[in-house]
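Okay, so here's the structure we're looking at.
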Amino acid sequence: MNLLICIVIILGISLDVFATMEVEGAMVPEIKKGPLAIACAITTGLSLVFFFGGYIVCYEINEHNIFSYEKLTASIIAAAVFALLGVRLVVKALRKEFVHESRREFGIKNYIKLIVVTSFYILAAGCACGFIEANPYVLLVTMVICFILVVVAGIMTGYHYGFEKKTIAYAFGAVLLWLVGIYVILTGILPLI
């Protein structure tokens with residue numbers, strides 16, 4: 001798994017977090033450094049735990065040859081996961097979600113609920129990366145950098161422009177995940193058939 005594909009995977013899943021942060025940024029009366037640092041730490045920490053939890057489990061499943069046709073089956077599952085994560089982002093982009101716009105302070109309890117829901121999809125992406133044996137070190141560094149950037153950029157974008165740009169983020173994330181799914185099909189499935 002090359003460096004570019006690992007980066008594209010993380011960018012694709014991080015755009016969901018960007019959209020979530022954009023909505024939160026549209027609600028805060030002012031951006032303070034302390035709550036912003038807390039948001040970065042919680043988002044990055046939870047995302048790493050869920051992602052690498054899924055990665056380790058699926059990597060071990062793949063390493064111990066639990067499937068009959070291990071590489072082919074693992075690649076099919078990974079391609080399907082990336083495709084379904086992309087479909088989920090398109091559905092979120094097309095759905096007109098009601099957001100009660102009101103200024104409120106940064107609430108860690110509500111914020112953690114949003115991130116945990118998103119983290120279940122990050123867990124699925126981690127599983128897919130474990131199946132295709134993506135480089136965990138590249139994924140780790142990319143995730144830390146990318147998630148801190150998307151949290152800050154999402155909150156700033158929401159604060160200055162509102163939350164209407166989230167549709168573009170969802171659509172772009174879906175395209176990136178579909179491209180990874182196509183890559184897995186071309187490099188992991190077609191040569192084995």
So if R0 is 30 Å, what FRET efficiency would Glu63 and Phe120 give, r being the distance between their Cβ atoms, rounded to the nearest 0.05? 0.80
Lysine pairs in the chain with Cα atoms under 17 Å, if 8 or more residues apart or on separate chains: 4
When all protein chains stay in place, what accessible area (Å², nearest 10, 1.4 Å probe) is found for Ile185? 70 Å²
Projected onto the charge dipole of the chain (+1 at Lys/Arg Cβ, -1 at Asp/Glu Cβ, origin at the Cα centre), which of Val81, Val23, Val138 gives the Cα projection farthest towards the positive end? Val23
Do you know the relative contact order of the chain, to the nearest whole percent, from alpha carbon pairs under 8 angstrom that are 6+ apart? 54 percent
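Where in the chain are the DSSP H helices whose alpha-carbon span along the long axis reaches 30 Å or more and whose Kyte-Doolittle mean is at least 0.0? Don't skip to the answer; put the middle values down first.
Details: long enough: 3-27 (36 Å, 2.01); 33-63 (43 Å, 1.10); 70-94 (36 Å, 1.63); 108-131 (33 Å, 1.41); 136-161 (35 Å, 1.93).
Qualifying helices: 3-27, 33-63, 70-94, 108-131, 136-161.
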Go from 0 up to the bin containing the longest alpha carbon distance in the stretch 13-76, width 10 Å each, and give me the % of pairs per bin. 17, 33, 21, 17, 11, 1
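Can you work out the FRET efficiency for the pair Asn2 and Ala153, with r the C-beta to C-beta distance and R0 = 22 Å, to the nearest 0.05?
On the way: r = 26 Å, r/R0 = 1.16.
Efficiency, from the Cβ-Cβ distance: 0.30.
The values are calculated or read from the model by the stated rules, or taken from the named source; none is laboratory data. In this text, all values refer to a predicted model and were calculated from it rather than measured experimentally. Heads up, the Cβs are rebuilt from the backbone with ideal geometry, glycines too, and the neighbour counts pull from every protein chain shown. Each accessible area value is taken on the protein alone, full model and side chains, heavy atoms only, with ligands, DNA and RNA left out. Shrake-Rupley method; radii C 1.70, N 1.55, O 1.52, S 1.80 Å.
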